[in-house]
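Here the structure is laid out as C-alpha coordinates; the discussion comes afterwards.
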Amino acid sequence: MLPLSRPGVWVAGAILIGAAIVLGSLLPGPMISTVSAWDKLEHASAYGLLTLWITGMLERRRYAWAALAAFLLGLSLEGLQGALTATRQADPLDVVANLSGIAVAWTLALLGLGGWAGRVERWLGLAPSA
(Lines give C-alpha, C1' and ligand atoms only; values in the text may rest on other atoms or scores of the structure.)
Protein backbone atom coordinates (compact mmCIF):
# COMPACT_ATOMS: atom_id res chain seq x y z
CA MET A 1 0.00 0.00 0.00
CA LEU A 2 1.12 3.55 -0.60
CA PRO A 3 2.27 5.51 2.45
CA LEU A 4 -1.04 7.19 3.26
CA SER A 5 -1.89 9.28 6.30
CA ARG A 6 -5.45 7.92 6.47
CA PRO A 7 -5.22 4.34 5.14
CA GLY A 8 -8.24 3.27 7.18
CA VAL A 9 -10.45 5.75 5.37
CA TRP A 10 -9.37 4.49 1.95
CA VAL A 11 -9.68 0.83 2.96
CA ALA A 12 -13.13 1.52 4.44
CA GLY A 13 -14.16 3.02 1.11
CA ALA A 14 -13.04 -0.14 -0.70
CA ILE A 15 -14.93 -2.30 1.79
CA LEU A 16 -18.09 -0.22 1.33
CA ILE A 17 -17.88 -0.50 -2.46
CA GLY A 18 -17.27 -4.24 -2.18
CA ALA A 19 -20.16 -4.64 0.27
CA ALA A 20 -22.48 -2.74 -2.04
CA ILE A 21 -21.50 -5.06 -4.89
CA VAL A 22 -22.07 -8.15 -2.74
CA LEU A 23 -25.44 -6.94 -1.49
CA GLY A 24 -26.52 -5.83 -4.94
CA SER A 25 -25.58 -9.21 -6.31
CA LEU A 26 -27.12 -11.46 -3.68
CA LEU A 27 -30.19 -9.66 -2.35
CA PRO A 28 -33.43 -10.84 -3.94
CA GLY A 29 -34.27 -8.94 -7.08
CA PRO A 30 -36.63 -9.13 -9.99
CA MET A 31 -36.31 -12.14 -12.26
CA ILE A 32 -34.67 -10.93 -15.48
CA SER A 33 -34.82 -13.25 -18.44
CA THR A 34 -33.36 -11.00 -21.13
CA VAL A 35 -29.94 -9.45 -21.52
CA SER A 36 -30.08 -5.78 -20.59
CA ALA A 37 -27.47 -3.26 -21.68
CA TRP A 38 -28.22 -1.29 -18.51
CA ASP A 39 -27.47 -4.35 -16.34
CA LYS A 40 -24.15 -4.90 -18.09
CA LEU A 41 -23.26 -1.22 -17.71
CA GLU A 42 -24.00 -1.50 -13.99
CA HIS A 43 -21.69 -4.49 -13.73
CA ALA A 44 -18.87 -2.78 -15.66
CA SER A 45 -19.25 0.43 -13.63
CA ALA A 46 -19.33 -1.29 -10.25
CA TYR A 47 -16.27 -3.44 -10.88
CA GLY A 48 -14.46 -0.58 -12.60
CA LEU A 49 -15.08 1.66 -9.59
CA LEU A 50 -13.88 -1.02 -7.18
CA THR A 51 -10.70 -1.61 -9.20
CA LEU A 52 -9.96 2.08 -9.62
CA TRP A 53 -10.55 2.70 -5.92
CA ILE A 54 -8.17 -0.08 -4.91
CA THR A 55 -5.47 0.98 -7.38
CA GLY A 56 -5.72 4.44 -5.85
CA MET A 57 -4.20 3.04 -2.66
CA LEU A 58 -1.55 0.79 -4.20
CA GLU A 59 1.84 0.97 -5.82
CA ARG A 60 1.79 0.43 -9.58
CA ARG A 61 3.36 -3.02 -9.28
CA ARG A 62 0.26 -4.20 -7.36
CA TYR A 63 -2.41 -3.07 -9.84
CA ALA A 64 -2.67 -6.53 -11.36
CA TRP A 65 -3.50 -7.95 -7.93
CA ALA A 66 -6.29 -5.40 -7.52
CA ALA A 67 -7.71 -6.38 -10.90
CA LEU A 68 -7.45 -10.08 -10.06
CA ALA A 69 -9.17 -9.59 -6.69
CA ALA A 70 -12.05 -7.71 -8.33
CA PHE A 71 -12.37 -10.39 -11.02
CA LEU A 72 -12.42 -13.21 -8.45
CA LEU A 73 -15.07 -11.37 -6.43
CA GLY A 74 -17.27 -11.09 -9.51
CA LEU A 75 -16.71 -14.69 -10.51
CA SER A 76 -17.53 -15.88 -6.99
CA LEU A 77 -20.68 -13.79 -6.82
CA GLU A 78 -21.92 -15.14 -10.15
CA GLY A 79 -21.50 -18.66 -8.83
CA LEU A 80 -23.26 -17.76 -5.58
CA GLN A 81 -26.15 -16.17 -7.48
CA GLY A 82 -26.72 -19.43 -9.29
CA ALA A 83 -26.38 -21.54 -6.16
CA LEU A 84 -28.00 -19.46 -3.41
CA THR A 85 -30.69 -17.24 -4.88
CA ALA A 86 -34.06 -18.02 -6.38
CA THR A 87 -34.47 -14.75 -8.27
CA ARG A 88 -30.98 -14.42 -9.73
CA GLN A 89 -28.93 -16.57 -12.03
CA ALA A 90 -25.29 -16.97 -12.92
CA ASP A 91 -24.66 -15.18 -16.21
CA PRO A 92 -21.40 -15.48 -18.17
CA LEU A 93 -22.16 -12.12 -19.81
CA ASP A 94 -22.09 -10.51 -16.36
CA VAL A 95 -18.56 -11.88 -15.91
CA VAL A 96 -17.61 -10.34 -19.27
CA ALA A 97 -19.14 -7.01 -18.22
CA ASN A 98 -17.29 -7.15 -14.88
CA LEU A 99 -14.05 -7.88 -16.69
CA SER A 100 -14.56 -5.01 -19.12
CA GLY A 101 -15.00 -2.55 -16.22
CA ILE A 102 -11.93 -3.97 -14.50
CA ALA A 103 -9.89 -3.70 -17.71
CA VAL A 104 -10.89 -0.07 -18.25
CA ALA A 105 -10.04 0.81 -14.64
CA TRP A 106 -6.72 -1.04 -14.78
CA THR A 107 -5.83 0.79 -17.98
CA LEU A 108 -6.76 4.14 -16.46
CA ALA A 109 -4.66 3.33 -13.40
CA LEU A 110 -1.67 2.47 -15.59
CA LEU A 111 -2.18 5.69 -17.57
CA GLY A 112 -1.88 7.79 -14.41
CA LEU A 113 -5.03 7.56 -12.32
CA GLY A 114 -3.56 4.88 -10.06
CA GLY A 115 -2.20 6.13 -6.76
CA TRP A 116 -4.81 8.88 -6.69
CA ALA A 117 -5.39 8.52 -2.91
CA GLY A 118 -1.89 9.79 -2.18
CA ARG A 119 -2.40 12.75 -4.49
CA VAL A 120 -5.73 13.56 -2.81
CA GLU A 121 -4.06 13.48 0.60
CA ARG A 122 -1.27 15.77 -0.61
CA TRP A 123 -3.85 18.13 -2.14
CA LEU A 124 -5.67 18.21 1.20
CA GLY A 125 -2.39 18.94 3.01
CA LEU A 126 -2.31 15.61 4.83
CA ALA A 127 1.21 14.29 5.18
CA PRO A 128 1.69 10.58 5.88
CA SER A 129 3.03 9.92 9.35
CA ALA A 130 6.61 8.67 9.44
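The values are calculated or read from the model by the stated rules, or taken from the named source; none is laboratory data. Computed from a prediction, not measured in an experiment: that's the story for all the values here. Virtual Cβ from ideal backbone geometry, glycine too; neighbours counted across all protein chains shown. Each accessible area value is taken on the protein alone, full model and side chains, heavy atoms only, with ligands, DNA and RNA left out. Shrake-Rupley method; radii C 1.70, N 1.55, O 1.52, S 1.80 Å.
Subtracting the Cα-Cα distance of L111 and A64 from their residue separation scaled by 0.36 nm leaves 15.5 nm. Find out how many positive minus negative residues lie around I54, taking Lys and Arg as positive, Asp and Glu as negative, among other residues whose Cβ is under 15 Å from that of I54. Within the 15 Å Cβ shell, the charges total +2. The GNM of the chain, with springs linking C-alpha atoms under 10 angstrom apart, assigns the highest mean-square fluctuation among A117, A103, A64 to A64. Residues whose amide H falls under 5 Å from that of A90, counting only those 5 or more places apart or on a different chain, are G82, with hydrogens built in the peptide plane. By how many degrees, 0 to 90 and rounded to 10, does the Cα axis of helix 37-55 deviate from the longest principal axis of the chain? Orientation of helix 37-55: about 30 degrees from the principal axis.
Summed over qualifying helices (DSSP H, 4 residues or more, each -39500 (n - 2.57)) and divided by its residue number, the chain shows a 222 nm mean residue ellipticity of -22000 deg cm²/dmol.
When the solvent-accessible area of the chain is split by element, carbon and sulfur atoms take up 74 percent of it, the probe being 1.4 Å. For the range 5-113, the per residue solvent-accessible surface stands at 56 Å², with DNA, RNA and ligands left out and a 1.4 Å probe. Computed from Cα atoms, the angle from the helix 7-26 axis to the main principal axis of the chain rounds to 10 degrees.
Heavy-atom accessible surface of T87, to the nearest 10 Å², is about 50 Å², with a 1.4 Å probe and all protein chains retained. Between the Cα long axis of helix 63-84 and the first principal axis of the chain there is an angle of about 30°, rounded to the nearest 10. With Cβ to Cβ distances under 12 Å as the rule, what net charge do the other residues near A127 carry (K, R +1; D, E -1)? Once all neighbours under 12 Å are counted, the net charge is +1. Taking a point 7 Å from the Cα of R6 along the Cα-to-Cβ direction, the residues of the range 89-130 with backbone N closer than 13 Å to it are 117-128. Taking all Cα pairs closer than 8 Å and separated by 6 or more residues, the relative contact order of the chain comes to 40 percent.
Computed with a 1.4 Å probe over protein heavy atoms only, the accessible area of D94 comes to about 10 Å².
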